[in-house]
Structures are given as structure tokens and as C-alpha cells.
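Written out below as C-alpha cells is the structure these notes cover.
The values are calculated or read from the model by the stated rules, or taken from the named source; none is laboratory data. Being a predicted model, the structure only gives us computed values, none of them experimental. Methodologically, a virtual Cβ is constructed for each residue, glycine included, from the backbone with ideal geometry; neighbour enumeration extends over all protein chains shown.
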Amino acid sequence: MRAFECAYSRYTSEPFALGQMLVVREGRCDTFGVVTGSESGPDDPSRPLVPRGDPGQSAAAVMADNPEIEMLLRTTLTVAICGHIDREVARPALPPMPPPLLAEVQAATDEEKVRIADEGRFLVPLLANPAADDAVVAAAIREVARAAGPGERPFLVAAGKELARLLKAEPSRLTSILRAVEP
Amino acid sequence: MTLRMDTVAAELPALIARHEETRAAAGEAIEGARNALREWSDDPVAASARIEQALGGQAVPYALAEDDPAATCPTPSLGPVTVIGVDGSSITPNRFSTVRCYAINIGHALLPYGVPVEPSLDAVAEVGLDGDLLEGSAGMRQAPRGLATRLLRDVRELECGVELAVPAAEAGPAVLLLDGTLLPWDLHTRQASDEALAPYRNRTIEALDRIRACGEPLSMGAYISASAAREVVAALDVLAPSPPSAPPLTDGDVFRGLLQPGERSAIFHSRSSRRGSVESLLPGHEVALFYLRVGDDIARVELPAWAATPTQVDRLHATLVDQCERCEGYPRALQEAHEQAVISASDREQFERLLDRLAGDAGIRAPLNGKQQSKRRRSI
């Protein structure tokens, strides 16, 4: 309920970033989460990935020269849930139900990011998730701030206040996240 | 009790020593065969006539060269190409099953190199009742189920290859690779009636005709790693009979010393009586072949004689060398097709259990026979 894992096939062409907000638009409500990690490797664990390509050859060139590789690798993303939209109402809280199995995961729009972040309230479920370490939380704040456009500064101030409230017992963590948020 | 390693391990050193003795004895025979090959090369027309006179019409399979039998060809340069590998795997109807059915899984790898074609790795599975394999003939009922399943699998592999290769060849040069022999040998079986085999034969002819219609843009080859064929050796035996005590040689033994890595042999035409029979069933689709050295492996590559034009052979040769370099000595496209096709032991068990469960849900319960029941329980 607090997190889910999803397979992602466009690792090389459109990689998701750490802290990026994703959405599953299926099920009882739209479920939003933040990328906390990704793991890539062979789809079949009995087939190890061996070095390919010539010295100096870029990864993209190796991929292009070996068209089967991309189809044999799988990227698994771990996503910490940070909110949901139920009947047009955005709530920075855990959804009542987990997203459906096999549902497609997409990047959230800028408007959705700002709505879910709700002036920093999305940090409540995020900070409660052990997978969302300081780097993830900071990346998520930066991501929403960028999406806010002209509202970037007000959002950063609101998120900072929310962080201070939530982490009043953990000043060192607060400092660590705030430093990581700074451009 | 599993295999008694303590027992077999004690016997292995003696086996290895005997193998070494055989290898040492083979060295002389190989040298003799190479001398015969040189003799054949010195006067190909006369030597071929001698071979044909000695072996023509006999049951011994042999091969004749198109030109100089001792010719070696270096790897040609490779341009943009789409490589299609096809391989199949199957589950033979189990006589112990409640519902006797087969499963065939045809895997493919479509890999473009410098050609604007979408790559693809996939498999297509199909199932059918035992009776589907025997459709239209009472005679086929005498045939082993494995043979019928294998025949259908071979034909489906070829058909799958055609479905992929024809559009690929429209987009640019393409090479279709199969694993094993080019033609389904089981078409020639005496264990099935002509009526039962006719649909498989017709489907094979139709598939080959469609490949031929693609013309020069499409090369085709069936790849046999570490082939044990000895058709060239049989021909050489006519020119310089090996001593009766000599160990049996393979064509690979002869060409290993002749070919450098990446080189291929001359093009040969098989005159195997069995193959001849298969070819007589597939008029216009005679088999040509060459040997290719990949590392220490001497692979046999079979291709339709109509696909043995210099352009098509050069593309096939260069592609195979490149593919083998990409995959530790075996064509990458065939390796990936195999990975898509393979039906593992656990897949087989799962299939059997699923079949039993669904049959049980439908109220079909066959009494377990003693052997099956005992093997399943394995009680002490």
C-alpha cells in the first residue's frame, strides 16, 4: 500500500529520474508516487549480462549494435506512494486501495505534481516511507518546484515549512534534505 | 538412487585414454583424406566422375563439389542486414496423459543491423490433440508421436521464418537462419503414409517457394554446429580408401585443418540417397552445403541450391561469421530464437499439471496406470 514495483521497458530512451513523480491512472483512483530506486538487469536471471562492445564505444552504440539486448533487459522501479486523486479531489495521502496489478505507469503532468504536492503536504506519506531517503525527498521537492513554474519559490518556502514541522525531532535530517534541495 | 558418480568416475580415466588413442590413430586417416582432397582438387571433373561412378545409386551418402573441392573462401565484408533466426521446441503427446495433446513453441529473433526494421524477440505457441497430427490418414497412426510432432514443428519453423523473412527482405538485405537441417528429414519416413505426409510436404514446398520468390535480397541457411556428417569423407574414400582399422572420420575432421577461422569451404551438393528421396519429394529444392570454421568448430551450413548465388552465399557467410562473433561461436539470432522457444522441464511439468487440472474440471479423469502413479508418489 505504501509502495509498489513496476517494470519499465524504456530504460534507455526515456529513463525515469530519482524522485520523479509517476501516476497509475487505473483502479478506484489515480495513484501517485515518487521513484525511490531502479534496478536493471537481465529478464532471465540465469543469463548473466556480459561486457559487450569495443573499448571507447558508448553504451548507446553498443545497444544499437546489439538490437536484442534492450529486449532482454528489464528495469524495475520502486515507487513510494505519496498521494491520490479520487473523483477529482487531490489528496496527499495513501490511497484506500493499491494500484491494480499490470496497470501502466506514466509520468505525472506538471499540474498533477503541483496538486498532489499540495504545498508540501505530500511529504507526510513520503517521509513515512523508509525507502524515501534524504536524496529521494530532496529530488521530489526539486521536481515539484520545477513543475510549479512561477510558483517555484512559494512552493519551496511552503515545502520547507512542512519539512521543518515534520522533522522537528530530526534536525540533522532536516538540514541534510534542505541542503540537497538547494540548487 | 541417482547416478553413482563414484562408479563412473573410476572408469572415466580409462575412457579418456582410449579416446586419445583413437584421436592419434585418426591423425593418419585425416592426412590421407586431405591428400585425397588435393587429388580431387587437381582434377575435379575426373575425380567427381570417379566418385559418382563408384557411389551413384548406392545407399552411402556422399557429396560432390560445385567447383574446386579444396577451395577456401575468406569472410566477405558485411553490409547492412536483417538477421532472422527461428527455432522450435515441442511437447510430444504423452500416452500417460488424460488428454493426449502436443504443444509446439516456435521462437524467433529478428535482429536488424543498419536496416530500418523493428527488432523482435518472441515465440508463438500452439497446441492440438494427438489426432490432429494424424488427420486424414489412418497410416500415420502407425507413426511414433514424436515423429509427427517433430515434423509439424519443422514445418512451422520454416513457415514462421517465411512470415518474418519476406517482409524483412522487402526492407533490405536479409538472412534467414534455421537450426539443424534445411529440409524436414521426417518427410521421408516410412512410418507414415504418403497421404498423411502430403500436407506437411505441401506446406514445406509452399514455404520454400515463397522464400525463393524473394530472390537475391534474401539469403537462407540451416546451421549445424559440430556436424558429424561424413558425405565429403565418403567421396574421398573412393579416391583414397582409408585403412579398415582407421577410426571413422567426419567432414569436420577434414576441413578443420584446411579452413582458417572465418573461412568457408567450397559449395557441395549432397548426394545422400535419403536426402535424395526427400529432395524428390520437394522438386526444385535441392540442397547445397558448405563448411564454415568458427573458432575450433566446423559448422555445416545447408542452403537451397537456388539460394547459392555468389551474392546470397557471401551475405550468408559474412552474416554467420559476424553472428558467431557476437555470441561466443554460435549465431546470436539462433541463440535468441532458442531462448524464446525452449520449453524447460518445469514448463513441461506445469503444462502437464494444467492439462490434468482442466481435464479434471471438465469431469475427465483417466485411471492412473501403475508406472505413472508410482513415479508421481515416489513413496518410501
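Annotations for the structure displayed:
- Test result for A:Ala145, in a helix (DSSP H, G or I) and out of contact with any strand residue (DSSP E or B) (no Cβ under 7 Å at 6 or more places or on another chain): yes
- Looking only at region B:313-335, residues that are part of a helix (DSSP H, G or I) and either buried (at least 23 other Cβ atoms within 10 Å of the Cβ) or small (Gly, Ala, Ser) (or both) come to 10 in all.
- Which numbered condition A:Asp44 fails, given (1) within 14 Å of chain B (Cβ to nearest Cβ); (2) crowded, with 17+ Cβ neighbours inside 10 Å: (2)
- Candidates are the residues of region A:26-53 that are among the acidic types (Asp, Glu) and part of a loop (DSSP other than H, G, I, E, B); the one that is farthest from B:Cys327 (Cα to Cα) is A:Glu26.
- Residues satisfying the stated conditions in region A:28-58, i.e. within 30 Å of A:Pro92 (Cβ to Cβ) and either of a type in the set (A, V, I, L, M) or modelled with pLDDT of 90 or more (or both): A:Arg28, A:Cys29, A:Asp30, A:Thr31, A:Phe32, A:Gly33, A:Val34, A:Val35, A:Thr36, A:Gly37
- Residues that are part of a loop (DSSP other than H, G, I, E, B) and within 20 Å of the chain's Cα centre (by Cα), drawn from region B:70-103: B:Thr92
- Just one residue in the set A:Pro67, A:Pro95 is within 30 Å of A:Arg47 (Cα to Cα) and either in contact with a helix residue (DSSP H, G or I) (Cβ under 8 Å, 6 or more places away or on another chain) or part of a loop (DSSP other than H, G, I, E, B) (or both); that residue is A:Pro67.
- Matching residues in region A:162-183 - criterion: being out of contact with any Leu (no Cβ under 9 Å at 6 or more places or on another chain) and closer than 15 Å to A:Arg142 by Cα: A:Ser176, A:Arg179, A:Ala180, A:Glu182, A:Pro183
- The single condition among (1) free of Cβ contacts under 8 Å to residues at least 24 places away in the same chain; (2) farther than 17 Å from B:Arg271 by Cβ that B:Thr98 does not satisfy is (1).
- Matching residues, region B:221-232, being of a type in the set (Val, Ile, Thr) and farther than 12 Å from B:Trp40 by Cβ: B:Ile224
- Members of region A:52-93 found to be surrounded by fewer than 13 Cβ atoms within 10 Å (Cβ to Cβ), away from chain B (no Cβ under 14 Å) and more than 13 Å from A:Arg115 (Cβ to Cβ), listed by number: A:Pro55, A:Gly56, A:Ser58, A:Ala59, A:Ala60, A:Arg87
- Test for B:Asp87: is it out of contact with any Ser or Thr (no Cβ under 8 Å at 6 or more places or on another chain) and within 12 Å of another protein chain (Cβ to nearest Cβ): no
- Residue match in region A:112-123 (condition: surrounded by 17 or more Cβ atoms within 10 Å (Cβ to Cβ) and part of a strand (DSSP E or B)): no
- Applying the set (1) closer than 23 Å to B:Glu339 by Cα; (2) modelled with pLDDT under 90 to A:Asp65 leaves exactly one unmet item: (2).
- No other residue among B:Asp132, B:Asp186 is within 27 Å of B:Ala213 (Cα to Cα) and more than 14 Å from every other protein chain (Cβ to nearest Cβ) apart from B:Asp186.
- Entry remark, region B:104-127: residues being under 13 Å from B:Val342 (Cβ atoms) and in a loop (DSSP other than H, G, I, E, B) number 0 in total.
- Residue match in region B:340-348 (condition: farther than 21 Å from B:Asp186 by Cβ, over 15 Å from the mean Cα position of the chain (by Cα) and more than 14 Å from every other protein chain (Cβ to nearest Cβ)): yes
- Restricting attention to region B:15-61 and to residues that are β-branched (Val, Ile, Thr) and part of a helix (DSSP H, G or I), the residue that is surrounded by the fewest Cβ atoms within 10 Å (Cβ to Cβ) turns out to be B:Val45.
- The listed residues are B:Ser48, B:Ser89, B:Ser41, and the only one of them that is of a type in the set (Ser, Thr, Tyr) and over 30 Å from B:Arg271 (Cβ atoms) turns out to be B:Ser89.
- Residue count, region B:128-149 (criterion: at pLDDT 70 or above, assigned to a helix (DSSP H, G or I) and surrounded by fewer than 21 Cβ atoms within 10 Å (Cβ to Cβ)): 6
- Among the residues of region A:159-183, those identified as of a type in the set (Gly, Ala, Ser) and farther than 16 Å from A:Pro125 by Cα are A:Ala169, A:Ser172, A:Ser176, A:Ala180.
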